[in-house]
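K.L.:
Before we start, here is the structure in question, set down as structure tokens.
The values are calculated or read from the model by the stated rules, or taken from the named source; none is laboratory data. None of these values were measured; they are calculated from a predicted model. Glycine gets a Cβ as well: all are built from the backbone with ideal geometry, and neighbour counts include every protein chain shown. Remember, those area values only see protein heavy atoms, side chains included, never the ligands or the DNA or RNA. Shrake-Rupley method; radii C 1.70, N 1.55, O 1.52, S 1.80 Å.
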Amino acid sequence: MTTRPAPAAAGDRTRWTALAVLVLAVLLVSVDASVLSLAVPGISQDLNPSGPQLLWIGDVYSFVLGALLIAMGALGDRVGRKRVLLMGAAGFGAASLLAAYAHGPGQLIAARALLGVAGATVMPSTLSLIRTIFPQPRERATAIGLWGAAAAGGAALGPLVGGLLLEHFWWGSVFLINLPVMALLIVLGARLLPESRDPAPGPWDLRSVALSAIGIFALVYAVKEAAAHGPLRPDVPAAAVLGALALVLFARRQARLPVPLLDLRLFRDPRFTAAALAALTALVGLAGVVFCLSQYLQLLRGLSPLRACLVELPAFAGAVAGGLLTSRLVRRAGARATMTAGLLLMGVALAAVGRATDTGGYALLGTVFLAVGVAEGLVYTLATELVLAYSPPEKSGAAAAVTESAYELGCGLGVALTGSVLTAVYRGTLDLPDGLPPDLVHGAHESLGGAVHAAPAAAELAPRLLAGAHHAFLDGLATASWLAAALLLAAAGVVWRLMSPRSVRLAATAGLPAPRPDTRDAGAGGPRRTEAERSPVP
């Protein structure tokens, strides 16, 4: 791997300052995945989006970012990770400006998609550069813990940032805050970060980029529309078939290319597969619960954006704590037990959402948010270390993009799945009073926000309208939370099995190459296993 001299030569202060720059970058990109959750009511009032448009505003950023992360990680391996990072930061700032001053839902969706493109150039470079800046495994584990805390905590921090801004400014301010941060990133990054790239990268295959993007978008569209309108609509099976076909073609093309965008042989290691699966499902739970409960807190309980984000603040604190405690927990219990426990904790917390919103107070809601945050911090940080432990250094950009793709795709899928299920149950159980004008009926059926917006015009029917909308929303929220909990509990069982000694032995018997030797310093006692390698394997 070709690198410029790492900042380590300039001393510890320079290296850790460089890490702060990378953490700032990943924190901002992660925050943008969830910062809009508290701005949904304001956007609904000013831009009047439909129900599907509102979902796309929330999740198109993560879908685009997730679709392009692998491609952009491979691009950084080829042209230079620092260069791609700084170019992406500039693009992120420009797209933020466009989003802040969007005049309609279509323009905002397009601007959010451009933010996803720019964000996809930022995320993979940060983790790859950490490997260059911190060659010693023990220091790198600490750096990854801080990076993981920022990445996992960013999605939970988004509502806090949004709440503080929306308390005093309009919804576009959640985008304008990106501009000074990205300017600081460009200035400091140009001075402090090293350049690194793969010395023999091969071509950047545009056909693979297109196939992966088409496949992810088509499958997500099918999931969203099936949940909202039923699976029998003609476009739903067509999109599902198109997405599956594109991803199959992508996989076959990667197997044929001498230097693929994504080396699918990495997934022969069951621990690598378990890491990607855990990162994906954990973010589905975190993003989904934040998206749905933000609407619940503001529209049903009548909290201001700032007060709503304070209720959600334990999720951020938990994610940071979970990320920082991961190494210690793995040393005590092993990677397999830690990963599975994190998924189980999140599943139990999501199952409690229905009770917390129905009969519980703010203390119970705060406990749910705290448990979800801790679980996400544990799972995502450990997944990142597992991926790095079993990938070659010269392909670190593309390998790092696997967990980051799972992270961003999980954010989008969390919003899409929970939001779509909630919307479907809401529309199916909504009981409106007779005598409402057709336009108010249509608005109330679109979303809870539409019902709240229609209530002033309903005159004496307003109390019954709001009561029916509130009851239908709670039914939808409870159903969505139970389904998300079932997904997390099932994922915990799969991860436990994939990381078992028997699964690893079977993979080795099938010809899986040995993991990359990446040992930690242990003083005079010699090297010891990485945190990833503490998984109970033979």
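K.L.:
Between ALA110 and ASP431, what FRET efficiency follows from the Cβ-Cβ distance if R0 is 35 Å, with the result rounded to 0.05?
P.N.:
Numbers: r = 37 Å, r/R0 = 1.05.
Efficiency computed from Cβ-Cβ geometry: 0.45.
K.L.:
A further question on this structure: Keeping all protein chains in place, calculate the accessible area per residue for the range 23-80 (probe 1.4 angstrom), answer in Å². Write out the running numbers ahead of the final one.
P.N.:
Working: 1250 Å² over 58 residues.
On a per-residue basis, 22 Å².
K.L.:
Now for a separate question. Based only on the alpha carbon positions, what is the Kirkwood hydrodynamic radius of the range 10-123, in angstrom? Working shown, then result.
P.N.:
On the way: mean 1/r = 0.0668 Å⁻¹.
For the range 10-123, inverting the mean 1/r across all distinct Cα pairs yields 15.0 Å.
K.L.:
Radius of gyration and Dmax for the range 303-344's Cα atoms, expressed in Å?
P.N.:
According to the Cα coordinates of the range 303-344, Rg and Dmax are 14.2, 43 Å.
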